[in-house]
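Quick note: the coordinates plus some simple rules give every number you see, no bench work behind them. All values reported here derive from a predicted model rather than from experimental measurement. Here the Cβ positions follow ideal geometry from the backbone for every residue, glycine too, while neighbour counts run over all protein chains shown.
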């Protein structure tokens with residue numbers, strides 16, 4: 001097999017709310033890239049891993065067609081592609097492997113403030129503008145609602161003002177866009193965030209080993225998002241109480257202190273955020289010399 005075929009390709013949004021987070025995540029996995037002149041391709045310098053910078057709605061197709069091995073994309077895009085394929089009687093040729101805890105938003109129904117609404121039955125025989133036809137169609141079908149779906153690309157929130165629809169179905173982050181257009185959020189169809197998808201095509205042993213290595217690094221980065229390394233001194237008699245106070249920790253490491261028989265050093269990785277209140281409670285339990293450090297990488 002040609003050596004170029006052994007390189008892993010990852011599809012990433014070229015521009016948008018996921019771009020910077022996605023590139024930062026990959027850099028934290030130890031990957032270094034050089035961008036091409038057209039800014040559409042990033043060549044991996046220290047590992048055989050390249051990036052394709054593309055439109056986000058192209059990513060599921062590129063991964064499903066085995067053009068790319070992995071993709072970082074919003075769940076809303078992936079679910080819309082799944083619904084589109086299902087409507088055509090086809091299966092998606094990709095799988096979800098990680099949730100990334102950034103790019104949070106929701107796909108919601110909304111209408112002009114003051115629109116009569118008494119639940120989903122109010123949608124019957126109404127027109128709903130959206131660019132998420134597949135998700136909306138499936139949602140309406142599951143809830144036995146008969147409504148007309150009007151495909152609307154771009155600024156969906158202006159559809160009611162243009163007389164194109166009575167309701168809209170669109171992505172909502174903070175809700176400020178809805179407020180600015182005099183719209184009220186009514187129902188949430190989907191909670192979305194950035195995810196990693198992987199092709200279902202066989203990769204061969206070498207490529208699969210490389211994909212597994214990348215995924216292991218991703219997992220290591222994700223594990224330490226809120227993790228902190230805590231070091232402290234405490235009386236042996238307080239060990240049980242202090243262990244209970246350490247948030248999200250496994251069994252801590254206990255180290256005897258030279259020449260101090262009644263005290264030990266306690267080291268622990270806490271997988272939940274460590275707040276000032278946590279430190280105050282530890283101190284009240286007898287801890288001293290508390291030190292909290294960030295955790296950059298972790299392999300289980």
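Pop the C-beta distance of residue 236 and residue 28 into the FRET formula with R0 = 30 Å and round what comes out to the nearest 0.05.
Values: r = 38 Å, r/R0 = 1.27.
For residue 236 and residue 28, the calculated efficiency is 0.20.
Full extension of the chain between residue 261 and residue 90 gives 54.7 nm of extra length, using 0.36 nm per residue less the Cα-Cα distance.
Can you give the direction-averaged projected area of the convex hull of the alpha-carbon atoms in region 149-210, in nm²? Don't jump to the answer; show the numbers that get you there.
Working: hull surface 27.4 nm².
Here the figure is 6.9 nm², rounded to one decimal.
Relative to the current alpha-carbon distance between residue 158 and residue 102, full extension at 0.36 nm per residue lengthens the span by 17.4 nm.
For a footprinting-style exposure proxy, rank 297, 81 by other Cβ within 10 Å, fewest first. Before the final figure, lay out each step's value.
Details: 297 12, 81 22.
Arranged by neighbour count, lowest to highest, 297, 81 become 297, 81.
Where a ≥ b ≥ c are the square roots of the eigenvalues of the C-alpha gyration tensor, would you call region 157-252 rounded, which needs a/c under 1.5, or, failing that, prolate if a/b is larger than b/c, or oblate? Judged from the Cα gyration tensor, region 157-252 comes out oblate (a/c at least 1.5, b/c at or above a/b).
For the chain, the longest principal axis of the alpha carbon atoms and the long axis of helix 75-87 meet at an angle near 40°.
In terms of surrounding Cβ atoms within a 10 Å radius of their Cβ, 69, 50, 57 rank from fewest to most as 57, 50, 69.
Were the residues from residue 208 through residue 126 laid out at 0.36 nm apart, the gain over their Cα-Cα distance would be 24.6 nm. The ellipsoid that matches the Cα gyration tensor of region 1-123 has semi-axes, each √(5λ) in whole angstrom, of 34, 18, 11, with the longest given first. Under the criterion of Cα pairs below 8 Å and six or more residues apart, the relative contact order for the chain equals 18 percent.
Only Cα sites of region 216-282 enter the Debye sum here, all with the same form factor; the resulting log10 I(q)/I(0) across q = 0.13, 0.15, 0.17, 0.21 1/Å is -0.40, -0.51, -0.62, -0.85, listed in q order. A Förster radius of 41 Å, combined with the Cβ-Cβ distance separating residue 142 from residue 57, puts the computed FRET efficiency at roughly 0.95. Label point of residue 6 set 7 angstrom out along Cα-Cβ; within region 26-56, amide nitrogens under 11 Å from it belong to 48. Eigenvalues of the alpha-carbon gyration tensor of the chain, scaled by 5 and square-rooted, set the equivalent ellipsoid semi-axes at 44, 30, 16 angstrom, largest first.
Taking other Cβ atoms within 10 Å as a rough exposure proxy, 291, 183 sort from fewest to most as 291, 183.
Any idea what the relative contact order of region 105-191 is, in percent, if you count C-alpha pairs under 8 Å spaced at least 6 apart? That works out to 49 percent.
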